[in-house]
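For reference, the structure discussed in these notes is given below.
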Amino acid sequence: MSATLSARPAETPPPKRGPLLDSANPAMQRVLMLGRGVAATPATVLLTGESGTGKEVLARWIHQLSPRARFPFVAVNCGAMPATLVESELFGHERGAFSGATERRVGRFEAAHRGTLLLDEISEMPLALQTRLLRVLQEREIQRVGGTAPIAIDVRVVATTNRDLRRMVADGSFREDLYYRLNVFPIHLPPLRERMEDLPALVEAILARLAPRFGHDACRVSRDALSALAAASWPGNVRELANVLERGVVLAPGGCIGTEHLVIDAPMESVGARREGTRPAASETLEDLERQTILQVLDGCGGNRTHAAEQLGISIRTLRNRLRAYRERGVEVPEPASGVPLARAGGPAISRMTTGGSDATHRG
Ligand SMILES: Nc1ncnc2c1ncn2[C@@H]1O[C@H](COP(=O)(O)OP(=O)(O)OP(=O)(O)O)[C@@H](O)[C@H]1O
Ligand SMILES: [Mg+2]
């Protein structure tokens, strides 16, 4: 197997304590119900959901529940495949097919015969290969590179993506016909933040898996630590939770995780928002934004109410009402100053600027 291709064949031993495949959340219960239903059939499955929601975990579970369970489960990461090697990785090659092909080689499709082939991150598959894949899915046979005879394959395909394939179809980066071939049985995994009722059981399942690796009989989280975990937003979903717990186990003596052992990353979204300086953090309300804008404009107008109201497109009465409300809440409001930069006011505003002083008397 090429080092560049991330393929994990079925010989990977199953973990001693499996992942949590039970849920108290209605959306997740439906996911599991759909998974159980499709397992018995040979239908192609398309698993969607944010990164870290458990798409591969679900794919393996479907395989284990299916009549294919005693045959291989082969996972291929489509994003990690260099275009030049892709064809032979997936479909194999005959000896002498190209320079360097000294041996016949069985591809991933053949390796998964009678089992399940996981095409992970299908959105990253190059367009040329999408065409090849479409043909294989339609004809249910492959041809090794340099081979002449088609080889029939019996493989259930499970494709996963964390991207919006329909949008990719619309912008031409994903083949529409392949999309419909894959979208036979779609299952969407909810993000962790929408299934927080599962958090305690997930923590337990993940800790049960971690304990033997760190030489503990069992690992635990304190009540406060569990509350802290419940308060986090988990943009990285179950993977992020597993990482935080693993760090916790590393830091906690005896595997008893307290709040002091939790290192939870700041949400990526707000990091991005801070960098861009435009997008509001999720906690900012419309009212916060309005106040910031009003005070910023007023400051830029040297405190001149008339001019600020004009720039903001609101009446001076509205502006004064807002400023009064801000003062009452203890917010510092710029005082009207006389030395307003006239250049910024523009021609007609100069006469209004002279009335700016009246602001002082009717100050909001
Ligand atoms: N139900 C679960 N119980 C225990 N662990 C889980 C569960 N779901 C996911 N995990 C853990 O979370 C991590 C991410 O899961 P997985 O690789 O299946 O996510 P994914 O949706 O395929 O992510 P990506 O889109 O980034 O490939 C893994 O370590 C996995 O073991
Ligand atoms: Mg995955």
Could you pull out every one of the helices (runs of 4 or more DSSP H) wholly within the stretch 281-364 that has 1 or more residues that are modelled with pLDDT of 80 or more and surrounded by fewer than 11 Cβ atoms within 10 Å (Cβ to Cβ)?
316-328
Evaluate the following for LEU207: is it surrounded by 13 or more Cβ atoms within 10 Å (Cβ to Cβ) and within 14 Å of ligand 1 (Cβ to nearest atom)?
yes
Being at positive phi and either modelled with pLDDT of 90 or more or under 29 Å from the mean Cα position of the chain (by Cα) (or both) is the filter here; which residues of the stretch 72-114 pass it?
GLY92, GLY96, ARG114
Out of (1) out of contact with any Cys (no Cβ under 7 Å at 6 or more places or on another chain); (2) within 16 Å of ligand 2 (Cβ to nearest atom), what's the single condition that is false for MET125?
(1)
Being modelled with pLDDT of 95 or more and more than 21 Å from GLY54 (Cβ to Cβ), is that true of even one residue in the stretch 120-131?
no
Kindly check whether there is at least one residue in the stretch 209-229 that is β-branched (Val, Ile, Thr) and assigned to a helix (DSSP H, G or I).
no
Considering only the stretch 167-176, I want to know if a residue exists there that is under 21 Å from the mean Cα position of the chain (by Cα), more than 16 Å from ligand 2 (Cβ to nearest atom) and small (Gly, Ala, Ser).
yes
From the set of residues in the stretch 287-313 that are closer than 15 Å to GLU332 by Cβ and touching a residue at least 24 places away in the same chain (Cβ under 8 Å), which is farthest from the chain's Cα centre (by Cα)?
GLY303
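Quick one: in the stretch 139-163, which of the residues that are more than 16 Å from ligand 1 (Cβ to nearest atom) and in contact with a helix residue (DSSP H, G or I) (Cβ under 7 Å, 6 or more places away or on another chain) is nearest to TRP61 (Cα to Cα)?
The residue in question is VAL155.
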One residue is enough: does the stretch 236-251 have a residue meeting the conditions assigned to a loop (DSSP other than H, G, I, E, B), outside the structural domain of GLY52 (by TED's automatic domain parsing) and in contact (Cβ under 8 Å) with a residue 60 or more places away in the chain?
yes
What's the number of the condition GLY255 fails, among (1) at pLDDT 75 or above; (2) on the phi < 0 side of the Ramachandran plot?
(2)
In the set PHE98, PHE71, PHE109, the lone residue that is within 21 Å of ASP177 (Cα to Cα) and in contact (Cβ under 8 Å) with a residue 24 or more places away in the chain is PHE109
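The values are calculated or read from the model by the stated rules, or taken from the named source; none is laboratory data. Values in this document were obtained by computation on a predicted structure and should not be read as measured data. Cβ sites come from the backbone with ideal geometry, for glycine too, and all protein chains shown count toward neighbours.
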